[in-house]
1. If residue 68 satisfies all but one of (1) in contact with a Lys or Arg (Cβ under 7 Å, 6 or more places away or on another chain); (2) within 26 Å of residue 192 (Cα to Cα), what's the number of the condition it fails?
2. How about the stretch 15-49: which of its residues are at positive phi and not small (Gly, Ala, Ser)?
3. Which of the following residues is among the aromatic types (Phe, Trp, Tyr) and within 29 Å of residue 15 (Cα to Cα): 189, 149?
4. Which of the residues that make up the stretch 13-69 are closer than 13 Å to residue 81 by Cβ and among the β-branched types (Val, Ile, Thr)?
5. Of the conditions (1) at pLDDT 95 or above; (2) more than 20 Å from residue 202 (Cα to Cα); (3) basic (Lys, Arg), residue 57 satisfies every one except a single condition; which number is it?
6. Enumerate the pairs (first residue in the stretch 1-27 and free of Cβ contacts under 8 Å to residues at least 40 places away in the same chain and open to solvent by 30 Å² or more (accessible area, probe 1.4 Å); second residue anywhere and in a loop (DSSP other than H, G, I, E, B) and aliphatic (A, V, I, L, M)) with beta-carbon separation below 7 Å, excluding pairs fewer than 6 apart on the same chain, so at least 6 apart or on different chains.
7. Based on what the data block shows, is residue 49 outside any loop (DSSP other than H, G, I, E, B), out of contact with any Asp or Glu (no Cβ under 7 Å at 6 or more places or on another chain) and either more than 23 Å from residue 35 (Cα to Cα) or at pLDDT 90 or above (or both)?
8. For the stretch 62-77, give me each residue that is farther than 15 Å from residue 40 by Cα and part of a strand (DSSP E or B).
Amino acid sequence: MRPNKFVIEKQVSEFRSDNGLSLSEPIALKSLLLKLNILTIFRPLSENFSGMCLKDKSGHRFMLVNSNQSQGRQHFTIAHELYHLYIEENPTPHKCNPGNGSKDPVEQCADMFASSLLMPETGICQLISETELTTKNISIATVLKLEHYFSVSRSALLYRLLNIKLITEVTRAKIAALGVKSSARCFGYDTALYESANEGLIIGDFGEKAHGLFEQGKISEGHYIELLHKINIDETQENEDSTRC
């Protein structure tokens, strides 16, 4: 079944409401992942492997994100995976490469969900002048403001603006041809959004649970350290003889 824009927008609205988010504000994704207790691991992966997720029968959720890709692209990947974890009825673990023009209807829905979730139309319009809204002549200054406000990639933002008919394909192509980092620097923006980041970052309570099991005597010291090493957490770097925190 082909993706339905109105169904996707309804799903986004409900997801935002369920998580205490307004229909226009940007999302602090790391905070959201922690709130939802999704064990999220950032690791270097191949270029065509942006991320994946899985949900077990107990409801535990896991997400893997490619730390080699830019922060903006990582954010889109996270939002894409949230669709699989919370909206798709029977998700199966698979390698995802969001925004690559997949013909799979489920992947298309996940991309549409991610775009709408990260860049709500109401929030976008609030940051664009009436003149630009009327003429649909969105400036590079406004594009930069939007992509930094919503923490998304240039490509994702331009396609979102195109899809909600705030720019034409000619304008999209024209702005897409501009150097991303150079244009950001010209307007005084930090370029971190366009660079890789988060390698080795873990979001979730894996370490906390392992520590609790050790404190309760349910696992040995060796097993505890082994579990921490699996996610590259070094509990012993300050004192190799102590495992108490």
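The values are calculated or read from the model by the stated rules, or taken from the named source; none is laboratory data. None of the values given here were measured: they were computed from a predicted structure. Note: ideal-geometry Cβ built from the backbone for every residue, glycine included; neighbour counts use all protein chains shown. Heavy atoms of the whole protein, side chains included, go into the accessibility calculation; ligands, DNA and RNA do not. Shrake-Rupley method; radii C 1.70, N 1.55, O 1.52, S 1.80 Å.
1. Evaluating residue 68 over (1) in contact with a Lys or Arg (Cβ under 7 Å, 6 or more places away or on another chain); (2) within 26 Å of residue 192 (Cα to Cα) leaves (1) as the failure.
2. So the first thing to find is which residues in the stretch 15-49 are at positive phi, and the list is 20, 37.
Matches in the stretch 15-49: 37 only.
3. On the way: 189 fails: within 29 Å of residue 15 (Cα to Cα).
The match here is 149.
4. Those that are closer than 13 Å to residue 81 by Cβ and among the β-branched types (Val, Ile, Thr): 38, 40, 41, 65.
5. Going through the list (1) at pLDDT 95 or above; (2) more than 20 Å from residue 202 (Cα to Cα); (3) basic (Lys, Arg), residue 57 breaks only (1).
6. Final answer for the pair search is 13/23; 21/27.
7. Values: outside any loop (DSSP other than H, G, I, E, B): no; out of contact with any Asp or Glu (no Cβ under 7 Å at 6 or more places or on another chain): yes; either more than 23 Å from residue 35 (Cα to Cα) or at pLDDT 90 or above (or both): yes.
No; evaluated as a whole, the condition is false for this residue.
8. Matches in the stretch 62-77: 70 only.
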